[in-house]
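Worksheet for the structure shown next.
No value in this document is a laboratory result; all are computed from the given coordinates. These numbers come from a predicted model, not from an experiment. Glycine also receives a Cβ, built like all others from the backbone with ideal geometry; neighbour counts cover every protein chain displayed.
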Protein chains: 2
Amino acid sequence: MPGSHFPPDAWIVGVDLGGTNIAIGALQADGSREVAFHSEPTLAVEGPEAVTERIVKAVERTITRVQQETGATRAQFVGVGIGAPGPLDRARGVVITAPNLGWTDWPLREKVHAATGLHATLDNDANCATLGEWWLGAARGTRNAIGITIGTGIGGGIVIDGQLYHGASDVAGEIGHVTIDSTGRRCKCGNYGCLEAYASGPAIAERAREAMWGEEPGVLWRLVEGDVSRITAQMVYAASKQGDPIAIDVVRETARYLGAGIGALLNVLNPEVVVLAGGVVNAGESLFQPLRAEVKRRAFRPAVEACRIMPGALGGSAGVVGAVAAFLQQTRGLDPA
Amino acid sequence: MPGSHFPPDAWIVGVDLGGTNIAIGALQADGSREVAFHSEPTLAVEGPEAVTERIVKAVERTITRVQQETGATRAQFVGVGIGAPGPLDRARGVVITAPNLGWTDWPLREKVHAATGLHATLDNDANCATLGEWWLGAARGTRNAIGITIGTGIGGGIVIDGQLYHGASDVAGEIGHVTIDSTGRRCKCGNYGCLEAYASGPAIAERAREAMWGEEPGVLWRLVEGDVSRITAQMVYAASKQGDPIAIDVVRETARYLGAGIGALLNVLNPEVVVLAGGVVNAGESLFQPLRAEVKRRAFRPAVEACRIMPGALGGSAGVVGAVAAFLQQTRGLDPA
């Protein structure tokens, strides 16, 4: 990593804290080796103390496994990078609110530091996933990149000149909350017509439910066994691949919404690459082909020509890789001792 | 200017080339003195050779005036910064297309350099206006700023970490082409529902014309002497200040559109300041008050709290000041000799 002050054989543990699972693993500072990647349930209902303890134990187990597998010493472990849902106060290392975890003002970074004795950093989970794809994944070798993770919500991150861009108060990169239609669907954030209100996993399922109303039963009906409340975005992608016309329409419509949002981002940020991650990637070219066509119709030509739009390369480990990369960027110039 | 390698008493000439006027002036490298600011007609119909010759003569006259007023020597003039309508190829110093000028692939930077013997740089006019406000105007002292200039079109610029952000192919900052309504008004750029299609000067006039249809004649009618085709955005602001209900509605609606676009930008870029320039500033608090309220309704709270939204402080000279600032940034590290 450019600017890392750590020796290449230093190890950093990465933690990607989600509402359902904690993903964890360790990387060498030069990105050349990944060891002990795994995940375990978050069990958020047990509260922040218990979850933090679980993270600390997982960090210690990861260190032990790396030592066993590589012969590394404990002294070679220079820190822990943590990605967590936001909003965060990065400077203080505090999770301000995380609805999926039920946390408020939780000083996660200090807790992990105190329990492990290791330097720790905290950054937004979607920022970390973007930085991971930039460091070792689909956006490798670029200076300016946008990452978009589509799941229950739509998260995002922006890399500018090879650095995560955080903005004035760590909000930057909320790609899910660009506007598609300023008088359109209400978004959970309180705004109207955000991309997330149209193209998140639940929004895709919702649009499929709406589209099935009064239509002939098809593949989607069989997948949900007649209970439309069970529809998920993954079922829509699967049904689309099996030729279900309603699902195909919903995927195309999703591509148009994403294309409108990404087109606007190309006009504003003119990135070299937009990396899409999350379940939506499973839709494959049936999504990416119309998405690229929509962006081409909407954005300025020199911006379209300069930009690749592609699926992430790291899958579920992007957040862990990126948490390590964020640690390296945040501690640049920090004495690793 | 941070990072300038020029002595503080070096002089740079700034040129802001527009479709109607060429604004020009000279600044000292430390921004402490401005001399010989003036403007003259572009006369674009005479073609690129004639306009370029007019620029070169204006540069020489500006240098002479500075020498007369300050006793500076010719050797103290280290270069010319030029702001021009885009799209541009900054690396080659070429205006790729400028519809308002009727130019295609015009190597403006080299022409000016060859004729004056001075280093020259070229950047987008809206980028320069933003950088000018950042250097010596309303965005002074910030790291991350967005500038929006509302006129015939809506131009914009982005300053990140105190540097103009250009993106992969010099398109970045096309703030006029963020989406308000992806199935809405057709924009001149080919896209649908761009901010520019709702809130540019001509779009404001067009909405006023639409709103007057079938309504009682009021202040606006008197201003245009019954000929609605003569409405301009400036008349709408004036009528609004005189209490014309239609004009007041149009200004409020403009504030809502701008608020939707700026709200989305706050979620993505989380700037410290958004500076608005152009005729729209004449609408004063009747625009800014509802605009700030709309942004507050739409964007994430920590982004709203971190950001001031305000009129530019430099008026028509922002582009000239910024062209000089862009020269200083582009030539950082260049030997000024």
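Averaging the sequence gap over all C-alpha pairs within less than 8 Å and six or more residues apart, then dividing by the number of residues, gives the stretch A:141-313 a relative contact order of 22 percent. Here the simple spin-label model places points 7 Å from the Cα toward Cβ, and for B:His38 and A:Thr73 these points are separated by 7.5 nm. Taking K and R as +1 and D and E as -1, what net charge do the other residues with C-beta under 13 Å from the C-beta of B:Gly322 add up to? Neighbour charge sum, excluding B:Gly322 itself: -4. Distance from the Cα centroid of the stretch B:149-166 to that of the stretch B:86-104 is 17 Å (rounded to whole angstrom). The residues neighbouring B:Ile12, those whose beta-carbon lies less than 12 Å from its own, together hold a net charge of -2 under the Lys/Arg +1, Asp/Glu -1 convention.
Size descriptors for the stretch A:164-284, from the alpha-carbon set: Rg then Dmax equal 15.7, 51 Å. Beta bridges per DSSP, both residues in the stretch B:141-312: antiparallel share near 50 percent.
Of interest is the spacing of the C-alpha centroids, which for the stretch A:25-63 and the stretch B:1-68 amounts to 59 Å. Extension gain, A:Asp249 to A:Gln289, is 13.0 nm, computed as 0.36 nm per intervening residue step minus the present C-alpha separation.
Electrostatic tally near B:Ala72: other residues with Cβ closer than 12 Å to its Cβ, Lys and Arg +1, Asp and Glu -1, net +1. From the Kirkwood radius over Cα pairs of chain B, Stokes-Einstein at 25 °C and 0.890 mPa s returns a whole-number translational diffusion coefficient of 120 µm²/s. Working from the alpha-carbon coordinates of the stretch B:1-64, get Rg over Rh, Rh being the Kirkwood radius. Using Cα coordinates only, the ratio equals 1.05. Couplings 3J(HN,Hα) of the stretch A:302-311, computed from phi: x, 6, 5, 5, 7, 10, 8, 10, 8, x Hz, in residue order, whole Hz [Karplus 6.51 cos²θ - 1.76 cosθ + 1.60, θ = phi - 60°; x for Gly and Pro]. Just want to confirm a number: the relative contact order over chain B, from Cα pairs under 8 angstrom separated by 6+ residues, in percent. It comes to 20 percent, rounded to a whole number. With helices as the sole contributors, chain B gives -12000 deg cm²/dmol at 222 nm; each DSSP H run of n ≥ 4 counts as -39500 (n - 2.57), and the sum is divided by every residue. Computed over the Cα atoms, what is the radius of gyration of the protein assembly as shown divided by 2.2 N^0.38 Å, N being its residue count? Taking N as the residue count of the protein assembly as shown, the ratio is 1.03. Each Lys and Arg Cβ is given +1 and each Asp and Glu Cβ -1; about its Cα centre, the protein assembly as shown then shows a dipole of about 120 debye.
Scaling the Cα radius of gyration of the stretch A:1-133 by the globular reference 2.2 N^0.38 Å produces a ratio of 1.00. Over 19 Å apart at the Cα level, from the set B:Lys188/B:Lys241; A:Lys188/A:Lys241; B:Lys57/B:Lys111, are B:Lys188/B:Lys241; A:Lys188/A:Lys241. For chain B, the longest principal axis of the alpha carbon atoms and the long axis of helix B:48-70 meet at an angle near 70°.
With contacts taken as Cα pairs under 8 Å and at least 6 residues apart, the stretch A:225-283 reaches a relative contact order of 46 percent. Site pair A:Arg222 and B:Asn21 shows an inter-label distance of 7.1 nm when each label is modelled 7 Å from Cα along Cα→Cβ. Label separation (A:Val45 vs A:Arg297): 4.6 nm, computed from points 7 Å beyond Cα along the C-beta direction. Based on Cβ point charges of +1 for Lys and Arg and -1 for Asp and Glu, what charge dipole magnitude is obtained for the stretch B:141-312 about its Cα centre, in debye rounded to the nearest 20? Using Cβ point charges on Lys, Arg, Asp and Glu, the stretch B:141-312 gives about 300 debye. Residues whose amide H comes within less than 5 Å of that of B:Arg33, counting only those at least five positions distant or on another chain, are B:Gln28 (H built at 1.01 Å from N in the peptide plane).
If R0 equals 35 Å, the separation of the Cβ atoms of A:Glu60 and A:Arg308 corresponds to a calculated FRET efficiency of about 0.30. Against chain A, whose longest principal axis comes from its Cα atoms, helix A:285-298 is set at around 80 degrees.
Round to the nearest 10 and give me the degree value, 0 to 90, for the angle of helix A:245-269's Cα axis relative to the longest principal axis of chain A. Approximately 60 degrees, to the nearest 10.
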